[in-house]
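What follows draws every value from the coordinates through simple rules; no lab data is involved. Please read all numbers here as calculations on a predicted model, not as lab measurements. Counting neighbours? That spans all protein chains shown, and the Cβs are built from the backbone with ideal geometry, glycine included.
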Amino acid sequence: MERDFSVTTKNEDETILLGVKLASSLMDGDVVALYGDLGSGKTRLAKGICRGLGVNDMVNSPTFMIVNEYHSKSAGIIYHFDLYRMKSEAEVLQMGYDDYMENRGIVLIEWPEHAERMLPENIIKIHLSHSDECEDCRWIKIERP
Ligand SMILES: Nc1ncnc2c1ncn2[C@@H]1O[C@H](COP(=O)(O)OP(=O)(O)OP(=O)(O)O)[C@@H](O)[C@H]1O
Ligand SMILES: [Mg+2]
């Protein structure tokens, strides 16, 4: 898979499939920051990544989730953050952010801008946005260190 690339997906299934493909290039300790507006597809992409990593029980964004933990036989633990409701970096720290980052496992972060200055170096950044091409089109750009 290329290092940096962008694609337009035409429906949520294509976004999930992209996640499945991305999963095969992830390694233990990788942190994936998912940037994008409400409804841009961050959770759908995370769902695909989890599926690709062999997680069976990934549900779509529960309402009060800040961090969810999934387990995969092949990939170990996956931490999935949604920092949307975090109002300050202090609040992010209070929920044990540092401890999660020190753990092994793969970390997926929605709304990473709410912890921008605390993101580790060398993370994979993915930007998602609504595309003008069609109603369900999403433009997705992947940047790897
Ligand atoms: N190409 C597409 N890729 C992903 N989702 C799509 C696409 N087209 C339509 N959708 C729809 O857009 C919505 C994306 O929801 P999702 O929960 O993944 O967004 P999100 O970026 O996680 O939003 P939030 O910031 O609220 O967590 C879903 O309702 C999905 O069905
Ligand atoms: Mg989401």
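For this structure, a couple of remarks:
- Fewest-first sequence of VAL67, VAL31, VAL7 by Cβ atoms within 10 Å of each Cβ: VAL7, VAL67, VAL31
- Qualifying chymotrypsin sites (Phe, Trp or Tyr not before Pro) in segment 36-145, where qualification requires a DSSP coil assignment and no more than 12 other C-beta atoms within 10 Å, comprise PHE64.
- In segment 59-145, GluC sites (Glu not before Pro) in a DSSP loop with at most 14 other beta-carbon atoms within 10 Å: GLU121, GLU133, GLU135
- Dipole magnitude (debye, nearest 20) for the chain, charges at Cβ of Lys, Arg, Asp, Glu: 320 debye
- Computed over the alpha carbons of the chain, Rg followed by Dmax gives 14.2, 41 Å.
- Burial ordering of LEU128, LEU108, fewest other beta-carbon atoms within 10 Å first: LEU128, LEU108
- Each of LEU26, LEU45 has some number of other Cβ atoms within 10 Å of its Cβ, and from fewest to most they run LEU26, LEU45.
- Degrees between helix 12-23 axis and first principal axis of the chain (Cα, 0 to 90, nearest 10): 60 degrees
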